[in-house]
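Data first, discussion second: the structure below is written as structure tokens.
FYI, it's all coordinate maths here, none of it is from the lab. Predicted model, so just to flag it, every value in this text is computed and none were measured. All Cβ positions, glycine included, derive from the backbone under ideal geometry; neighbour counts span all protein chains shown.
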């Protein structure tokens, strides 16, 4: 058996977004913006020795079911041969795009391991569609494939969506209280998201800087009615200490630029914006 | 005065290409494919103290005139205030995209230093158009902005061009004999380039892997009549040692995957494909 293949996929925190549903999952997605993070997910795909060779997917050692990952393996026609072992710096379900990272990392690593000979755009499309169809994310995969500070101008996979970016590299801090269900929020009234998200995007396109991104995100979170009390308190405390912070979409999580959370007295995790998009590693 | 800003831009070796001229430089460029490299150019932009504060542009300590860089500074309206200091791992004029790297690095660093508030796509467009209008390159800037192993499906700046990629990360070796003039080659009969480039692109799109890229590049170099005797000898020696190598477009330079040149007995420089596109650094 040849060696396993491993991909690294950056985490991604969305600051604001407008959901853009469509019948074709390659055209569905979201407009919005966020930060990709050097904290991310390493996904290793190996060949199974036989049908009893361990669980199909593990995350930090625990077996789990993850429909987008299963769909990616099916799309590459390697479901019966592959085993996916993921290790994450980030908690699942708290807005860091871990499910998107696992889908995209699986696509890259499985393509490499099994010689599927797909292009990057094909693999990103496969992972994006798997996420959209599972209802676990709308814009993480295309952002994670790009790296940096992605602006999602138009929704969808490569060939449909349109990306730009904020030219910036910065320390990022984050503090997580718990999870919010993407599926539940999207099942509710999304009209406030759509209008607040469009306003935020206009602001950022007009002035594509990190401070604008965070300020637009803060207003979006308030206008869209997504701020929880705990998140609101922390964001206000960072702002009072002259820092820049907002809420992660969708998790009960605060992100801040530079030393924003530390300076306000919180014990936060720290990383940086990720210069590289998802990629294979040795 | 605030601190200078620095950007890193990966080197880029094109394996094959078809020139695609157009009146609008944002639509002009080339189709083709190549590798971005961890060996690249660091471009620092600082504010000049006064009009006599040193040369406008230096590369590895030497003052030089570089029209694409000057055009980028003009486009950002900072020509009178900026000084550009570049340091390169790579020789100029030998096919590594150093001029494109300097234009793109200047765009990113000057935007950051002087608070121009442009988006990534705007800055890439500015640098791409400056390169095309100066006649120093056609596809390096968009490839260097992306990173990885870019396939240029359609020519032009963001919003016009269309990119895909080979999902791969690999050691790359290179050996340089001297320079070839991009402007001179493009001023000659480009029909053989166009047809050989289109064939090579079809082959790579059909099977987007690194070995295909190098094999398609080798055939392109022969069919387009660009191989020099020295380059031909080295490529044949690498192939004879079961390695994969081709000629860099446009320089009298050979690139090889993995230990291709070393295994064939050559004293080559080594780096890797670059996971990240051009980005600001601390």
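Just to confirm my numbers, what's the Cα centroid distance between the stretch B:31-55 and the stretch B:66-139 in Å?
7
Would you list the P(r) distribution for the protein assembly as shown, with all Cα-Cα distances sorted into 10 Å bins from 0 and each bin expressed as a whole %?
P(r) for the protein assembly as shown, in whole percents per bin: 4, 18, 27, 26, 17, 6, 1, 0.
Simple spin-label model, 7 Å along Cα-to-Cβ: residue A:240 to residue B:49 in nm?
4.5
Hey, rough spin-label estimate for residue A:281 and residue A:117, points 7 angstrom out along Cα→Cβ, what's it come to in nanometres?
3.0
So what's the stretch B:171-272 giving for Cα Rg divided by 2.2 N^0.38 Å, two decimals?
Rounded to two decimals, the normalised Rg is 1.05.
Which three extents, in whole angstrom, do the alpha-carbon atoms of the stretch A:30-108 cover along their principal axes, largest first?
So the extents along the principal axes, rounded to whole Å, are 42, 25, 18.
Provide Rg over Rh for the stretch B:5-165; use the alpha carbon set for both Rg and the Kirkwood Rh (inverse mean inverse pair distance).
Value, to two decimals: 0.95.
Using label points projected 7 Å from each Cα along Cα→Cβ, tell me how many nm separate residue B:80 and residue A:228, to one decimal.
Taking the two extended label points, one gets 5.5 nm.
Taking 0.36 nm per residue of sequence separation and subtracting the Cα-Cα distance, how much length would be gained by fully extending the chain between residue B:170 and residue B:207, in nm to one decimal?
11.6 nm
Of the peptides A:89-96, B:127-134, A:207-214, how do they stack up when ordered by the mean number of other Cβ atoms within 10 Å, highest first?
Per-residue mean Cβ counts within 10 Å order the peptides as B:127-134, A:89-96, A:207-214.
Principal axes first, then extents: for the Cα atoms of chain A, list largest minus smallest coordinate on each axis, whole Å, largest first.
Principal-axis extents of the Cα atoms in chain A, largest first: 57, 39, 33 Å.
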